[in-house]
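Working notes, beginning with the structure itself.
The values are calculated or read from the model by the stated rules, or taken from the named source; none is laboratory data. The structure presented is a predicted model; accordingly, all values stated were derived computationally and were not measured. Neighbour counts run over all protein chains shown; Cβ positions are idealised from the backbone, glycine included. SASA here: full protein model, heavy atoms, side chains in, ligands and nucleic acids out. Shrake-Rupley method; radii C 1.70, N 1.55, O 1.52, S 1.80 Å.
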Amino acid sequence: MHSWPAPQIPELPGRGRPVRVHDSTTGGLVVAAEGPTATLYACGITPYDATHIGHANTYVAFDLLVRAWRDAGQRVTYASNVTDVDDPLLERAAATGVDWRALAADQIALFAEDMTALGVLPPDVWDGVVERIPSVVEAVEEMLAAGAAYRVPVEPGAGGTDPGLGDVYADLSADPAFGSVSRFTRETMARLFAERGGDPARDGKKDPLDPLLWRRERAGEPAWDGGSLGTGRPGWHVECAVIARDALGLPFDVQGGGADLLFPHHEMSTSHDRVLSDGSGPRVHVHAGLVGYAGHKMSKSLGNLVLVSNLRATGVDPMAVRLALLAHHYRDEWEWTDDDLPAAVQRLETWRDAVSGNGGPDATATLDAVRAALATDLDAPGAVAAVDAWAAEALRPGRDTSGDEEGAPGVVSRAVNALLGVRL
Ligand code: 5CA
Ligand code: ZN
């Protein structure tokens, strides 16, 4: 798929330092990518509803990572997907009487508009699941051949003209490292698997946690040629495993998403990565905290949404939306309130005021503080505080301006743009 247009990233003096992030597996800070190149796979949207503040928060978090890597001189490849065929999309399309492809296309276009407005860098590789089906089929065939997957009979009427082939599930017992990403107990895994799209009660599975790899054709559902698997469509986790592997190779540096993806999604996709390779997967797992609204996690299925497109439609400056997100650390769980936006609008105005002057206080320490904050687990609030302090000094009435640097406002403005993605 074509991703959205890339914003310009201004040049900055000097260079950022190596970026460390919190690894969900170990709970510690680790260097996100060693060496001259850096690779990221951040899970993309399921396009059945519009981008809400929670999604935006997660994509802005990974955008900060890409920007910090680039500032540190690393060559970045960022890959993402769109889950453009999945149960919630098909259900929403059926419920609203829209063709599922049209619903997906509309929501993907709206997402791209929202990301463009928020100054989020586009992925270098942006693959829809429906574009990668032959590759997923090959991977599932490979897992079957390796004894890491098995077929489960389908109910009468399912399976098109070839009902005997059955659905295909991963055999988790073939992967001794299963569980090593989340390190959750079996009990927690069982609860989350049931809550987050798994089918623990499906008859014929060896282990209730075994995830679906290939779902045979069902009446009223789209299906693709699956070669020796028979007609059907891919399971969720294997899609991301294959898209990431095809785009980045294995191992790659960071696999990311919102905290709801740690288990089962990233546990399962990493298990598939291992089985499909020599045991490699993502080196680091990074998860953004879930944003809530009105007492619950903001979610398309609950409907408690603050939509980026609605905010834009009411004339809100998208840079203020972005600043509202940056006021929270990406790993925090927080709730969007009516105060978030006015505070960000005020800050944006102050910053714009402060950089509009001819000359200002020296910006070297500010640039360094912004870089240091972002290199330490993408601490956007720390970076924002450093800019706040410079702006407050620049605007302080009666301050001594004799030592002002002519280029300082430009340096701050470019740093805010390049590193925080906020255009002043
Ligand atoms: N298509 C899958 C991933 S392969 C998916 O989870 N799609 S999604 O549209 O539901 O979410 C897109 C991204 O936003 C995911 O990284 C998800 O973890 C994140 N996300 C969803 N809800 C929230 C929320 N309330 N707060 C923060 N991030 C969220
Ligand atoms: Zn994913």
Could you list all residues from segment 145-156 that are open to solvent by 80 Å² or more (accessible area, probe 1.4 Å) and either closer than 20 Å to residue 236 by Cα or modelled with pLDDT under 95 (or both)? 151, 153
Go through segment 325-339 residue by residue and tally those that are touching a strand residue (DSSP E or B) at 6+ places or on another chain (Cβ under 9 Å) and in contact (Cβ under 8 Å) with a residue 60 or more places away in the chain. 6
Within segment 268-314, residues part of a loop (DSSP other than H, G, I, E, B), touching a residue at least 60 places away in the same chain (Cβ under 8 Å), open to solvent by 20 Å² or more (accessible area, probe 1.4 Å) and within 11 Å of ligand 1 (Cβ to nearest atom) come out as 290, 300, 301, 305
Out of (1) in contact with a Gly (Cβ under 8 Å, 6 or more places away or on another chain); (2) closer than 20 Å to residue 133 by Cβ; (3) in a helix (DSSP H, G or I), what's the single condition that is false for residue 245? (1)
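Considering only residues that are within 11 Å of ligand 1 (Cβ to nearest atom) and either hydrophobic (A, V, I, L, M, F, W, C) or farther than 17 Å from residue 124 by Cα (or both), which ones fall in segment 239-256? Write out each step before concluding.
To start, the set of residues in segment 239-256 that are within 11 Å of ligand 1 (Cβ to nearest atom) comprises 239-241, 243-244, 255-256.
Once the filter is applied, which keeps residues that are within 11 Å of ligand 1 (Cβ to nearest atom) and either hydrophobic (A, V, I, L, M, F, W, C) or farther than 17 Å from residue 124 by Cα (or both), segment 239-256 yields 239, 240, 241, 243, 244.
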Within segment 195-214, which residues are under 27 Å from the mean Cα position of the chain (by Cα) and open to solvent by less than 60 Å² (accessible area, probe 1.4 Å)? 198, 199, 200, 209, 210, 211, 212, 213, 214
Every pair of residues 6+ apart whose Cβ atoms lie under 7 Å, when the first sits in segment 238-267 and is at positive phi while the second is small (Gly, Ala, Ser) and away from ligand 2 (no atom under 11 Å from the Cβ): none
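Got a sec? Which of 120, 98, 60 is among the β-branched types (Val, Ile, Thr), modelled with pLDDT of 95 or more and part of a helix (DSSP H, G or I)? I'd like the intermediate steps shown before the answer.
Working: 120 fails: part of a helix (DSSP H, G or I); 98 fails: part of a helix (DSSP H, G or I).
Being among the β-branched types (Val, Ile, Thr), modelled with pLDDT of 95 or more and part of a helix (DSSP H, G or I) holds for just one of 120, 98, 60, which is 60.
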What number of residues within segment 248-262 are crowded, with 22+ Cβ neighbours inside 10 Å and assigned to a loop (DSSP other than H, G, I, E, B)? 0
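Looking at residue 131, is it open to solvent by 40 Å² or more (accessible area, probe 1.4 Å) and under 13 Å from residue 226 (Cα atoms)? Talk me through it step by step, then tell me what you get.
Numbers: open to solvent by 40 Å² or more (accessible area, probe 1.4 Å): yes; under 13 Å from residue 226 (Cα atoms): no.
Spelling it out, it is not the case that residue 131 is open to solvent by 40 Å² or more (accessible area, probe 1.4 Å) and under 13 Å from residue 226 (Cα atoms).
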Answer from 106, 124, 86 - the residue that is charged (D, E, K, R), surrounded by fewer than 24 Cβ atoms within 10 Å (Cβ to Cβ), more than 16 Å from the chain's Cα centre (by Cα) and away from ligand 2 (no atom under 16 Å from the Cβ): 106
